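Structure record follows, encoded as structure tokens.
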Amino acid sequence: MAERGGGDRGGFGRGFGRGRGDRGRGDRGRGRGRGGRRGGRRDEEEKWVPVTKLGRLVKEGKITSLEQIYLHSLPVKEHQIIDTLLGGRLKDEVMKIMPVQKQTRAGQRTRFKAFVVVGDTDGHVGLGVKCAKEVATAIRGAIILAKLSVIPVRRGYWGNKIGKPHTVPCKITGKCGSVTVRMVPAPRGAGIVAARVPKKVLQFAGIEDVFTSSRGSTKTLGNFVKATFECLMKTYGFLTPDFWTETRFNKSPFQEYTDLLSKPTKAILIENTES
Amino acid sequence: MATRVLSQKEQDIQMMLAAAVHLGARNCDFQMERYVYKRRNDGVHIINLGKTWEKLQLAARVIVAIENPQDIIVQSARPYGQRAVLKFAQYTGAHPIAGRHTPGTFTNQLQTSFSEPRLLILTDPRTDHQPIKESALGNIPTISFCDTDSPMRYVDIGIPANNKGKHSIGCLFWLLARMVLQMRGTIPLGRKWEVMVDLFFYRDPEEAKEQAEEEAPVAPDFGAVPDYGAMVPTDQWTTEQWMPDAAAVPAAVPPVAGVEWTAGQAPVVAADGWDAAAAPLPPPPPPVDGVAAPAGGSSGWEAATSAPSPSWE
């Protein structure tokens, strides 16, 4: 440590100053929300050539809801799949831009880590974390990763089963690092009783009322947000008596649409002509 | 010894005994214990072949249930299984991968060799552990030939068998292929399959060379070169250029067959790569050996060979 300090004293000093400056930028980034990319780039988005089988099925319109994908635990590798299925309902929010640094011979190498939460406020949330050299790239990448990680959230009732489910089905807890987040069902009208960070995530999930309790170093936003996300993941993992009936298995979409999938796509034809 | 006519199942089991399919390893994985009949005095576990046959039937049923056979991937990293895998794929319509499994073939959608199979068939869970790991991530059911000491993690259907010997592997793939074709109805039940088991056995390059020697009398035309380091006539250089071009090789078989059996250090990968190329053509035995031979011979220039051949996988 002493040697390093001696070797690039100039860099150290510079880094320190830069660190302070970056933190300022980070605060501004949080408030920026969806900023960064304006219009343009429409062509790329429209011409989606699916690479995976699932992508092809979604593009053809054979798969109409995310629930079909969840039912068969199919890995989602293309974010356009989520775009097509959840489309305009999906909102995103940048939770934090965190500058992280790596020490090199010539000073510090700063990169920006973006935490983005994505969700339609009706049972689907996604969390994306991406580190990149530029803020905008990080945000863009994080949004894509968030879309890929979209998860269904199970909601239930606190008491009487009147109206739509509004709270968590049972007491659940999620842990990431040292942070544990515990969610407890709350009666209607209680609202989301949580810190600023998990409140955002829960709003995106579509949970209206919940009591939360957290433990650990919640200052580390990364872990805090991942813990609440994990907690929400567990809502559908909890076996309640309504799941006691035996499952009736459906055919996997890959089996159902095997004829459609076996047809060669245009990409393959282009490859053939090139070679 | 049964003097009456043996049933299909009994004949198969006799063949498996001859191929030493029943000889397991000296260690036994706890999940394989149910398939072991007994442990011999010298430590070798004996596998219950009746159970092997049943598992083969089960695997065949699963294979037949896949509507599009191209969605099945048969794989072997080990040389002993590569020829069997290629022949199996040829007869059942599956997709073979012989040799190294590039990590990410089932998970990395940006790779050119990305594929999403519906079923995976392997020769050894230990050497083919990478495809097993990836299939676990991609919801791909896995069938594998498991020895008594093979790890069964993520293997959905394990067929207890000896996966170390070349006769054993060949025999098993032959049986599996025949079962699949019988269940599909391509071959009538009960009758013998005209394809020989030997076609599925691994051949050493020297063996392949000898085979070609017997079959190709065209040798004298090119002034056969007996040494590796000897001067090379121009024809051999052109075949080297032709190596990357698979389509050309079958056409070039007759002139090439004579020359190329001199340098016999073919990586078997190359030999079977040519078999795969020849697969679309109807495969009567002599041309198959002829095709295998040139690949075997021309790899005296190993650098040239090892470069193009892996890319065929």
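Structure notes:
- Residue list for the range A:58-79, filter: closer than 19 Å to A:P152 by Cβ and not hydrophobic (A, V, I, L, M, F, W, C): A:T64, A:S65, A:E67, A:Q68, A:Y70, A:H72, A:S73, A:P75, A:K77, A:E78, A:H79
- Among the residues of the range B:100-118, the one identified as under 17 Å from the mean Cα position of the chain (by Cα) and surrounded by fewer than 23 Cβ atoms within 10 Å (Cβ to Cβ) is B:R100.
- From the options B:L110, B:L86, residue that is of a type outside the set (D, E, K, R) and farther than 20 Å from B:I66 by Cβ: B:L110
- Number of the condition not met by A:L232 [criteria: (1) away from chain B (no Cβ under 14 Å); (2) more than 17 Å from the chain's Cα centre (by Cα)]: (2)
- Residues (in a strand (DSSP E or B) and among the polar types (S, T, N, Q)) located in the range A:80-105: A:Q101, A:Q103, A:T104
- 1 or more residues closer than 21 Å to B:L86 by Cα and within 14 Å of chain A (Cβ to nearest Cβ): qualifying strands (runs of 3 or more DSSP E) within the range B:105-161: B:119-122
- Positions within the range B:21-72 being away from chain A (no Cβ under 14 Å) and touching an Asp or Glu at 6+ places or on another chain (Cβ under 8 Å), in sequence order: B:G24, B:A25, B:R26, B:N27, B:C28, B:D29, B:M32, B:W53
- Meets criteria (closer than 30 Å to B:A89 by Cβ, without any contact (Cβ under 8 Å) to a residue 60 or more places away in the chain and surrounded by 22 or more Cβ atoms within 10 Å (Cβ to Cβ)) for B:I13: no
- Checked against (1) modelled with pLDDT under 95; (2) part of a helix (DSSP H, G or I), B:M1 passes all but condition (2).
- The condition (being surrounded by fewer than 19 Cβ atoms within 10 Å (Cβ to Cβ) and at pLDDT 90 or above) is satisfied by just one residue among A:P253, A:P241: A:P241.
- Subset tally (residues that are touching a residue at least 40 places away in the same chain (Cβ under 8 Å) and surrounded by fewer than 16 Cβ atoms within 10 Å (Cβ to Cβ)) for the range B:152-163: 1
- Here is the figure for the range A:214-261: residues that are hydrophobic (A, V, I, L, M, F, W, C) and closer than 30 Å to A:C176 by Cβ total 11.
- Qualifying residue in the range A:243-253 (condition: within 14 Å of chain B (Cβ to nearest Cβ) and in contact with a helix residue (DSSP H, G or I) (Cβ under 6 Å, 6 or more places away or on another chain)): yes
- Residue in the range B:77-92 that is within 14 Å of another protein chain (Cβ to nearest Cβ) and either of a type outside the set (A, V, I, L, M) or in contact with a His (Cβ under 7 Å, 6 or more places away or on another chain) (or both) present: no
- Being assigned to a helix (DSSP H, G or I) and either crowded, with 22+ Cβ neighbours inside 10 Å or modelled with pLDDT under 95 (or both) is a property that B:K87 has.
- Selection within the range A:48-72: residues that are β-branched (V, I, T) and over 18 Å from B:L137 (Cβ atoms). The member of this set that is nearest to the other protein chains (Cβ to nearest Cβ) is A:V49.
- Any hit, the range A:73-82, residues being more than 14 Å from chain B (Cβ to nearest Cβ) and in contact with a helix residue (DSSP H, G or I) (Cβ under 8 Å, 6 or more places away or on another chain): yes
- Matching residues, the range B:19-46, being free of Cβ contacts under 8 Å to residues at least 60 places away in the same chain and either in a helix (DSSP H, G or I) or closer than 16 Å to B:G190 by Cβ (or both): B:F30, B:E33, B:R34
The values are calculated or read from the model by the stated rules, or taken from the named source; none is laboratory data. Computed from a prediction, not measured in an experiment: that's the story for all the values here. FYI the Cβ positions are ideal-geometry reconstructions off the backbone, even for glycines, and counts take in every protein chain you see.
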